[in-house]
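First the structure, in the form of structure tokens, and then the observations on it.
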Amino acid sequence: MRRTLVALLAALCAVLAAPATANAGKSTMIDFHTWQSVHDFHQGANEGTTPTPTGLTLSRPAGTSSYADPHTGKTRDYEYARWTSTRRTVPFPATELVTSWNATTPADTWLQVELRGRGGGSTVDSKWYVMGRWASADSLIKRTTVPNQGDTNGFVDVDTFKATKPWTSYQLRITLYRVPGSTATPKLTMAGAMASAIPDRFLVPTSGPGGAWGMELPVPRYSQNLHRGNFPEYGGGGEVWCSPTSTQMVLEYWGRKPSAQQMSWIPKGYTDPSVAYAARNNYDYDYEGTGNWPFNTAYAASFGLAGHITRLSSLTELERYIRQGIPVITSQSFLASELDGAGYGTSGHIMVVVGFTRTGDVIANDPASPNNQAVRHVYKRAQFENIWQRTKRYRADGTVASGPGGIAYVIHPRWLPLP
């Protein structure tokens, strides 16, 4: 489950900031852009970083900085180098942005992802907002988001920047860090962002066929509920592990899995240890949870895959990914009465769409199941599409809450083209 009081404040601010014309008749606007080629990295500003065919590396320190890790209480100096992207012009005023990155971080290294932008006719950029301090392991630093970054331009809600004044352009800045004297370097293979402007809507029309009816991908099945009460230092399993459980299902669909040595810290005989491994290596120490969206796709990318966060506009669009052999991880929130067959309600949940029945209903690996065998579910197309695509919903007490607006994790081999 994601979002607490911060989410309620975010939803209220979004309502207050939304133009009066925002309604269900307005079109969905989504722009996902990446920088990942040698050319892309050369076009940006390199301060001690070098673009190579296999990624952006720290070739010479641009300086040294001190980092006080709020989750360990330790302060340490690091050498750093920095890359700043070219400016991305968004073809519409964007109200939300989510960054993504793919990288490897050997021992003694980590990286920081920042975002800035401008909008409302301004020619002045906002400040840099930290979207994540990340390493694939948690021995050097504790991977984390940064709280309390709000100002008149907007604020960071865990992994999402919410613009008070919609942005029309933005830049990313990636800083690569290493322990002084080390020759190791982080290697950045992709940096990107999804900018969006989704209209306020409680109901979403059901989309038509997209060519994947009758297709089902053989994605492994894992239940998050088998882990309830385990590893409280990483959230404690159960309902809070839906995101890493879903990510691990897709990771193993692509034939990737942590090694026995990597999982040696997990007690012998533990059921589905790779799920616990995923939870630890997705854990956001500020959010105190495993549901940070880009942390999950960055985790998958650390196994040599490509991963990013975006929004999809419909199940018709999602079907194109299934046709390409790519399962899609989706976010949804609903009352128990809004999704037949689920047997529960949730303010935020992640599951994997693995295919469609011959009549177009959704086949999902839903980790909120009592055991691995029970993970496969068939959900009615209209119900599933609505709880995934809407941006507003009613709680059981009649109050209004936010909805996911089509959020999706896309994880795939680098060689496989996306639809």
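Of the residues making up segment 34-57, those that are within 24 Å of the chain's Cα centre (by Cα) and part of a strand (DSSP E or B) are T34, W35, G55, L56, T57. So, in segment 348-378, exactly how many residues are surrounded by fewer than 18 Cβ atoms within 10 Å (Cβ to Cβ) and within 22 Å of D397 (Cα to Cα)? The total comes to 0.
From the list V90, V98, V130, V124, the one residue that fits, being in a loop (DSSP other than H, G, I, E, B) and touching a strand residue (DSSP E or B) at 6+ places or on another chain (Cβ under 9 Å), is V124.
May I ask you to list the residues in segment 336-390 that are among the aromatic types (F, W, Y), over 22 Å from S313 (Cβ atoms) and part of a strand (DSSP E or B)? None; the set is empty. The residue that is nearest to the chain's Cα centre (by Cα), counting only those in segment 82-109 that are surrounded by 23 or more Cβ atoms within 10 Å (Cβ to Cβ) and under 20 Å from A68 (Cα atoms), is T105. Consider segment 403-419 and keep the residues that are modelled with pLDDT of 95 or more and in contact with a Lys or Arg (Cβ under 7 Å, 6 or more places away or on another chain). The one that is nearest to R323 (Cα to Cα) is A408.
Conditions tested, residue by residue: (1) modelled with pLDDT under 95; (2) surrounded by 14 or more Cβ atoms within 10 Å (Cβ to Cβ); (3) more than 29 Å from T290 (Cβ to Cβ).
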residue	(1), (2), (3)
A14	yes, yes, no
T21	yes, no, yes
T28	yes, yes, no
H33	no, yes, no
T50	no, yes, yes
K74	no, no, no
Y80	no, yes, no
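Residues considered: G291, G307. Of these, the only one that is in a loop (DSSP other than H, G, I, E, B), crowded, with 19+ Cβ neighbours inside 10 Å, in contact with a helix residue (DSSP H, G or I) (Cβ under 7 Å, 6 or more places away or on another chain) and modelled with pLDDT of 95 or more is G291. The set of residues from segment 154-189 being assigned to a strand (DSSP E or B), of a type in the set (S, T, N, Q) and farther than 23 Å from R311 by Cα comprises just one member, T175.
The values are calculated or read from the model by the stated rules, or taken from the named source; none is laboratory data. These figures come from a predicted structure and were not determined experimentally. Note that each Cβ is placed from the backbone with ideal geometry, even for glycine, and that neighbours are counted across all protein chains shown.
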